[in-house]
Every structure is written in C-alpha cells, then in structure tokens.
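The values are calculated or read from the model by the stated rules, or taken from the named source; none is laboratory data. These numbers were taken from a predicted model, which means no experiment stands behind them. Positions of Cβ are generated from backbone atoms using ideal geometry, with glycine treated the same way; all protein chains shown enter the neighbour counts. Surface accessibility is based on the protein's heavy atoms, side chains included, excluding ligands, DNA and RNA. Shrake-Rupley method; radii C 1.70, N 1.55, O 1.52, S 1.80 Å.
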Amino acid sequence: QVQLVESGGGLVQAGGSLRLSCTTSGRTFSNYVVGWFRQAPGKEREFVAAISGGLTRYFVDSMKDRFTVDRDNAKNTVYLQMNSLKPRDTAVYYCAADPPHNAYLGPACMAYWGTGTLVPVSS
C-alpha cells in the first residue's frame with residue numbers, strides 16, 4: 001500500500017506563491033507517475049499537473065505559465081510550485097500516484113491518493 005501525504009498548503013494572498021509537497025512512506029515512488037489535482041468548493045475535481053518517472057511533465061494549458069511540477073527522488077518527494085496565485089486557485093490540492101504506467105493517462109489510472117491540503121487564496 002502506498003500512502004501519500006501532501007503538505008505546504010495554507011492561506012496566501014493573491015499574487016503570492018506556494019510550494020506543495022507530496023511524499024510517501026514505506027515505498028519509493030521514483031518510477032511512478034505522480035499527479036496533482038484540485039477541487040474547489042462546489043466544483044468537480046480537476047487535473048493540475050503531473051510528472052512521470054522519466055521527468056515528462058503534463059500541464060493544463062491555463063495553468064502552465066504559473067505552475068510547475070518537479071520531483072526529488074532522493075527525498076521521495078514531488079513538488080507543485082504555484083506562482084501568481086489567484087483567488088480562483090482556492091481549492092483542496094491532492095496528489096495521486098500511478099505505479100504501473102510511464103505516462104500520465106488520466107485520473108482513473110491513479111491508484112493512490114493523498115488526503116489533500118487546503119490552499120485558500122485571499123484577494
């Protein structure tokens with residue numbers, strides 16, 4: 001079983017930056033596709049970004065100018081760097097992992113999910 005833990009969320013002012021971290025205990029996930037998703041109040045969950053074990057990155061076009069994703073396998077951690085945050089970025093952010101594939105294939109392939117970290121962005 002892979003347990004994912006997100007951290008780094010918290011209140012930020014519009015225009016600010018945050019770096020979210022996703023780590024796992026008990027098992028390395030350096031070869032997994034790891035994705036970031038978010039769910040705003042009253043809205044459906046949406047894809048934000050993902051990174052494969054081979055460091056291929058996937059982004060939503062509307063966010064790729066502000067968000068980046070990276071991983072540090074030595075620390076068993078995947079990061080989501082969020083810049084120029086806007087109030088509409090307010091959401092619970094989740095990381096998820098897909099062990100068997102080497103490319104991002106969508107949320108249905110994500111076998112493991114964290115419990116999320118809240119990012120409120122004030123105007």
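Summary table below
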| item | result |
| --- | --- |
| Estimated FRET transfer efficiency when R0 is 25 angstrom, pair residue 102-residue 1 (beta carbons, to 0.05) | 0.70 |
| Note, ³J(HN,Hα) from phi for region 106-116, Karplus 6.51, -1.76, 1.60, rounded to Hz, x at Gly and Pro | x, x, 5, 8, 7, 7, 10, 10, x, 8, x |
| The chain: most fluctuating residue of 18, 80, 105 per GNM, C-alpha cutoff 10 Å | 105 |
| Positive-end residue, the chain charge dipole about Cα centroid, Cβ charges, pick of 8, 91, 122 | 122 |
| Extension gain, residue 86 back to residue 30 (0.36 nm per residue minus Cα-Cα distance, nm) | 17.1 nm |
| Surface share of carbon and sulfur [accessible, 1.4 angstrom probe, percent] for the chain | 48 |
| Magnitude of the charge dipole, the chain, Cβ model with Lys/Arg +1 and Asp/Glu -1, debye to 20 | 120 |
| J(HN,Hα) series, region 117-123, from Karplus relation 6.51 cos²θ - 1.76 cosθ + 1.60, nearest Hz, glycine and proline x | 9, 7, 10, x, 10, 8, 8 |
| Per residue solvent-accessible surface (Å²) - the chain, probe of 1.4 Å | 51 |
| Separation of alpha-carbon centers, region 1-51 and region 52-123, rounded to whole Å | 5 |
